[in-house]
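Here is the structure we will look at.
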Amino acid sequence: MFTVQQLATPTVTAPLGTVNVTQPTLSWTAITGAETYDVVVSLVGGGTVYSTTGVSSNSLLIPIALTPGKTYQTVVTAKNSSGNVSAASAPGVFTISNNAFVNQPINGGGGGGSTGGGSGGGNNNSRRNQQPPNVFGPQQQPKKNKNPAAADQLTNNKADQLTATLNMPVPAAPLDEIAEVRPSFEWSAVQGADFYELMVVDVSEEGVVRQVLLVPDLTDTKYKPKDPLPAGRKYRFLVRAYKKDGSSSQVAPLDFSLAASAK
């Protein structure tokens, strides 16, 4: 007799209540028999702000900065290898604190030192002055400073509230509109880094971010995907440097698009 495997319903475990970072880590109970999970984050009483499918673990760092003072909810469903889907979880409701930490802004200018040909004119692109999303790994914690003057400076400059043990790798390519559906992703080398993690997200729809590529444990400063990216879409490329002890850098975004005629 053929039996359909019933999947239990996931339970969202974090974030719940008030959180103090603009990009919290989402987590939920692991479900026996589940291969992947689909995750949707939306404003309570509003629309979807982030969704992704095919998540292979039971946690995910949201790759966009949420708005302080707003209340959101996370809903997760599990899926097995046969395509069976669980019931959706009860919403996990959380509010981003008005004083939530944000990521360190990016200084313009060259990154230098790329062993993958990623340095050069592209490093001065003005889009690198955007607020970078923190998409890989845990949030860096603020330094404790007992100097009152320094503490005042931190208060006046949220950019210094978060620190990283490694310099940021600076994305260099692809840039602007391209016609190659399997572009070479390149970034600057970071001294002391043991490996890098690459993420590409689809940002074609305003307010919605969808992960399309995640590649961990890269030891080179360039990567060419095996599968093509869909043409006619807008993307954001991010890369983070890691040390073997788990410490990591901040991240900088670089936007690009694929022409509708890209091949």
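The values are calculated or read from the model by the stated rules, or taken from the named source; none is laboratory data. Just so you know, these numbers come straight off a predicted model, no measurement behind them. Note: ideal-geometry Cβ built from the backbone for every residue, glycine included; neighbour counts use all protein chains shown.
What the table below lists for this structure:
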read-out: Every residue from segment 176-197 that is part of a strand (DSSP E or B) and either touching an Asp or Glu at 6+ places or on another chain (Cβ under 9 Å) or buried (at least 22 other Cβ atoms within 10 Å of the Cβ) (or both); value: ASP176, PHE185, GLU186, TRP187, PHE195, TYR196, GLU197
read-out: Wholly within segment 207-263, strands (runs of 3 or more DSSP E) carrying at least 2 residues that are without any contact (Cβ under 8 Å) to a residue 40 or more places away in the chain; value: 210-218, 234-242
read-out: Given (1) charged (D, E, K, R); (2) more than 18 Å from the chain's Cα centre (by Cα); (3) closer than 23 Å to ARG236 by Cβ, index of the condition LYS79 fails; value: (3)
read-out: Residue among THR71, THR36, THR95, THR32 that is of a type in the set (Val, Ile, Thr), farther than 24 Å from GLU205 by Cβ, surrounded by fewer than 18 Cβ atoms within 10 Å (Cβ to Cβ) and touching a residue at least 24 places away in the same chain (Cβ under 8 Å); value: THR32
read-out: Of residues in segment 97-114 being under 21 Å from GLY17 (Cα atoms) and over 17 Å from the mean Cα position of the chain (by Cα), the one modelled with the highest pLDDT; value: SER97
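Results for (1) of a type outside the set (Val, Ile, Thr); (2) under 22 Å from ILE62 (Cα atoms), shown as yes or no for each residue.
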| site | (1), (2) |
| --- | --- |
| PHE185 | yes, yes |
| GLN191 | yes, no |
| ASP194 | yes, no |
| LEU218 | yes, yes |
| LYS222 | yes, no |
| PRO225 | yes, no |
| VAL239 | no, yes |
